[in-house]
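Quick one: the structure is below, and I'll ask about it shortly.
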Amino acid sequence: MFVLPGDRIGCVEEFEFGEGVYEENGELYASVAGKVVFEGRRVRIEPINRIPKLKSGDVIVGKVVDVRGSIALVKLERKIGHDRVLTKSSIGVLHVSNVRDEFLKDLESAFRFGDIVKARILDENLRLSTKGKDLGVIKSKCRFCGEELVLDGDKLKCPKCGNVESRKISSDYGKGVL
Ligand SMILES: [Zn+2]
């Protein structure tokens, strides 16, 4: 059972109470958000681990959920350096001008739907940048057969059907979990 601060847990006649629980007029309430743990007659609350907050400069891993015109939308999934998944579904915006240092005309030559990307957060509006060697696509699938693409020079190649695709590739491409 998950509770929020102020949620009633029970009363002092029922339970002895430990961390994360407070008593008021014989009633027990949660003082933190978390999971209720019963140990015999004792009740305590195991706090939910904090979800990392996002700020500019943070590097995230996300999934491209849309590419339209000059903008790619990226669902932010994880902050680098944190195990916790970002549960609040936040969408970052990557503009074609923030993909790489050199001019890029066609965003679809750098990102496609479903790509897993590593990007830096530019501001609190969750604008993203993939400028820099280690930023860009880290995992991608063949658009024809769905096989995972592998590095082939500065392109990505499908080991199954031979299809070659171009991307803004991160130097971490194919290295798995970061
Ligand atoms: Zn293929």
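The values are calculated or read from the model by the stated rules, or taken from the named source; none is laboratory data. All values reported here derive from a predicted model rather than from experimental measurement. Neighbour counts are summed over all protein chains in view; Cβ atoms, including those assigned to glycine, are modelled from backbone coordinates with ideal geometry.
Working only within segment 2-60, note down all residues that are more than 30 Å from the chain's Cα centre (by Cα) and of a type in the set (Phe, Trp, Tyr).
Phe15, Phe17, Tyr22, Tyr29, Phe38 - these are the residues of segment 2-60 that are more than 30 Å from the chain's Cα centre (by Cα) and of a type in the set (Phe, Trp, Tyr).
On to the next question. With respect to Gly114, is the statement that it is within 12 Å of Gly62 (Cα to Cα), modelled with pLDDT of 95 or more and not in a strand (DSSP E or B) true?
Numbers: within 12 Å of Gly62 (Cα to Cα): yes; modelled with pLDDT of 95 or more: yes; not in a strand (DSSP E or B): yes.
Judged against the criteria, Gly114 is a match.
Return only the number of the condition from (1) touching a strand residue (DSSP E or B) at 6+ places or on another chain (Cβ under 6 Å); (2) more than 17 Å from Glu77 (Cβ to Cβ); (3) in the same structural domain as Ala72 (by TED's automatic domain parsing) that Leu149 does not satisfy.
Condition (3) is where Leu149 drops out.
Against the definition (more than 16 Å from the ligand (Cβ to nearest atom) and among the β-branched types (Val, Ile, Thr)), how does Val99 come out, yes or no?
Against the criterion (more than 16 Å from the ligand (Cβ to nearest atom) and among the β-branched types (Val, Ile, Thr)), Val99 qualifies.
How about segment 133-163: which of its residues are within 10 Å of the ligand (Cβ to nearest atom) and β-branched (Val, Ile, Thr)?
none
Kindly list the number of the only condition in (1) at pLDDT 95 or above; (2) outside the structural domain of Val64 (by TED's automatic domain parsing); (3) more than 16 Å from the ligand (Cβ to nearest atom); (4) surrounded by fewer than 19 Cβ atoms within 10 Å (Cβ to Cβ) that fails for Tyr173.
The failed condition is (4).
Is it true that some residue in segment 73-84 is hydrophobic (A, V, I, L, M, F, W, C), in contact (Cβ under 8 Å) with a residue 12 or more places away in the chain and in a loop (DSSP other than H, G, I, E, B)?
yes
Among the residues of segment 11-67, count how many are in contact with a strand residue (DSSP E or B) (Cβ under 6 Å, 6 or more places away or on another chain), among the basic types (Lys, Arg) and either outside the structural domain of Gly132 (by TED's automatic domain parsing) or surrounded by 17 or more Cβ atoms within 10 Å (Cβ to Cβ) (or both).
4
OK, next. Among the residues of segment 92-111, write down those that are more than 16 Å from Gly57 (Cα to Cα) and in a strand (DSSP E or B).
Within segment 92-111, His95 is the sole residue that qualifies.
Another question, then. Could you say whether any residue in segment 48-59 is of a type outside the set (D, E, K, R), in contact with a Pro (Cβ under 9 Å, 6 or more places away or on another chain) and part of a strand (DSSP E or B)?
Within segment 48-59 (the criterion being of a type outside the set (D, E, K, R), in contact with a Pro (Cβ under 9 Å, 6 or more places away or on another chain) and part of a strand (DSSP E or B)), the answer is no, since none of the residues qualifies.
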